[in-house]
Amino acid sequence: MDRLLHYMKAREDMVTCESHFVILGELANFVAYMYAPAVLVTPLGALSIIVSAVLAHFLLKEKLRKMGVLGCVLCVVGATVIVLHAPGEHSINSVDEIWDLAIQPAFLLYTASAIAVVLVLVLYCGPRYGQTNIMVYIGICSIIGSLTIKGSSSELQMAIILVVSVLILHAMIEKGKGLVRLIRR
């Protein structure tokens, strides 16, 4: 019984350590968005899937089947095509310029829609389906990410968005620990 408790404590410590590495990775991601256009950073960030698959193959002795190899190749080809044909991005130099972009009807409509969907996911779907369906939390993170990533490219908004995003990410990780226990069953 002591051995089982020791094993469970070690697994919990590993999940906590993993949570800290996720937060550190997201902070590095925000810094990357600050110095490079989002159209370049996002596809290159997707290559982390390839690194994870290759490391799992060599370190964990997992089988990388034909479909997995095909997926890795398609991911590399897609990221390469996007990076090579990325359009130029103009930099924002003043608060007035940010404000002019932020009050455009398309942006306001998208922001209101995204916030409404997140509220529905958090207040309705989370309590009902969150413990059995991980897509609820993936949806919340993705929608919030769609709002914060573009805003983080401006140094003027970097601090606010960084703090809010880390707090949201930390809350999601804490909630996700329950999901990890559910998935292990």
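Quick one: which of LEU27, LEU40, LEU101, LEU64 is assigned to a loop (DSSP other than H, G, I, E, B) and either of a type in the set (A, V, I, L, M) or on the phi < 0 side of the Ramachandran plot (or both)? Give the derivation first.
Values: LEU27 fails: assigned to a loop (DSSP other than H, G, I, E, B); LEU40 fails: assigned to a loop (DSSP other than H, G, I, E, B); LEU101 fails: assigned to a loop (DSSP other than H, G, I, E, B).
Answer to the selection: LEU64.
Inspect segment 78-95 for any residue being part of a helix (DSSP H, G or I), of a type outside the set (Lys, Arg) and farther than 21 Å from TYR33 by Cα and give the result as yes or no.
Residues of segment 78-95 part of a helix (DSSP H, G or I): 78-84, 95.
Then keep just the ones that are of a type outside the set (Lys, Arg); that gives 78-84, 95.
Then drop every residue that is not farther than 21 Å from TYR33 by Cα, which leaves none.
So far as segment 78-95 goes, no, none of its residues is part of a helix (DSSP H, G or I), of a type outside the set (Lys, Arg) and farther than 21 Å from TYR33 by Cα.
Could you list, in sequence order, all residues of segment 121-144 that are exposed (fewer than 13 other Cβ atoms within 10 Å of the Cβ) and more than 19 Å from the chain's Cα centre (by Cα)?
LEU123, TYR124, PRO127, ARG128, THR132
Here are some residues: VAL118, VAL180. Which one is part of a helix (DSSP H, G or I), surrounded by 14 or more Cβ atoms within 10 Å (Cβ to Cβ) and at pLDDT 85 or above?
Only one candidate passes the filter, namely VAL118.
Does LEU47 satisfy the condition of being touching a helix residue (DSSP H, G or I) at 6+ places or on another chain (Cβ under 6 Å), surrounded by 14 or more Cβ atoms within 10 Å (Cβ to Cβ) and more than 26 Å from LEU147 (Cα to Cα)?
Numbers: touching a helix residue (DSSP H, G or I) at 6+ places or on another chain (Cβ under 6 Å): yes; surrounded by 14 or more Cβ atoms within 10 Å (Cβ to Cβ): yes; more than 26 Å from LEU147 (Cα to Cα): no.
So LEU47 does not fit the description; no.
Can you tell which of LEU101, LEU60 is among the hydrophobic types (A, V, I, L, M, F, W, C) and either at pLDDT 85 or above or in contact with a Phe, Trp or Tyr (Cβ under 8 Å, 6 or more places away or on another chain) (or both)? I'd like the intermediate steps shown before the answer.
On the way: LEU60 fails: either at pLDDT 85 or above or in contact with a Phe, Trp or Tyr (Cβ under 8 Å, 6 or more places away or on another chain) (or both).
So the residue among LEU101, LEU60 that is among the hydrophobic types (A, V, I, L, M, F, W, C) and either at pLDDT 85 or above or in contact with a Phe, Trp or Tyr (Cβ under 8 Å, 6 or more places away or on another chain) (or both) is LEU101.
Filtering segment 24-40 down to residues that are touching a residue at least 60 places away in the same chain (Cβ under 8 Å) and within 15 Å of the chain's Cα centre (by Cα), which residue is surrounded by the fewest Cβ atoms within 10 Å (Cβ to Cβ)?
The initial filter retains those residues of segment 24-40 that are touching a residue at least 60 places away in the same chain (Cβ under 8 Å), namely 26-27, 30, 33-34, 37-38.
Okay, now just the ones that are also within 15 Å of the chain's Cα centre (by Cα), so 26-27, 30, 33, 38.
Values: GLU26: 17, LEU27: 14, PHE30: 19, TYR33: 23, ALA38: 16.
Only one residue tops the list, namely LEU27.
Looking at ALA56 and the list (1) surrounded by 12 or more Cβ atoms within 10 Å (Cβ to Cβ); (2) within 17 Å of the chain's Cα centre (by Cα), which single condition is not satisfied?
(2)
Among LEU147, LEU123, which is the only one that is part of a helix (DSSP H, G or I) and either over 22 Å from VAL31 (Cα atoms) or modelled with pLDDT of 80 or more (or both)? Give the steps one after another, and end with the answer.
Details: LEU147 fails: either over 22 Å from VAL31 (Cα atoms) or modelled with pLDDT of 80 or more (or both).
Step by step, each of LEU147, LEU123 is checked, and only LEU123 is part of a helix (DSSP H, G or I) and either over 22 Å from VAL31 (Cα atoms) or modelled with pLDDT of 80 or more (or both).
If we scan segment 108-115, do we find a residue that is among the small types (Gly, Ala, Ser), modelled with pLDDT of 80 or more and farther than 26 Å from ALA32 by Cβ?
Quick first cut of segment 108-115, residues among the small types (Gly, Ala, Ser) only: 112-114.
With modelled with pLDDT of 80 or more added as a condition, the list becomes 112-114.
Next, from what is left, pick out any that are farther than 26 Å from ALA32 by Cβ: 112-113.
Yes, the conditions are met somewhere in segment 108-115.
The values are calculated or read from the model by the stated rules, or taken from the named source; none is laboratory data. All of these numbers come straight from a predicted model, not from anything done at the bench. Note: ideal-geometry Cβ built from the backbone for every residue, glycine included; neighbour counts use all protein chains shown.
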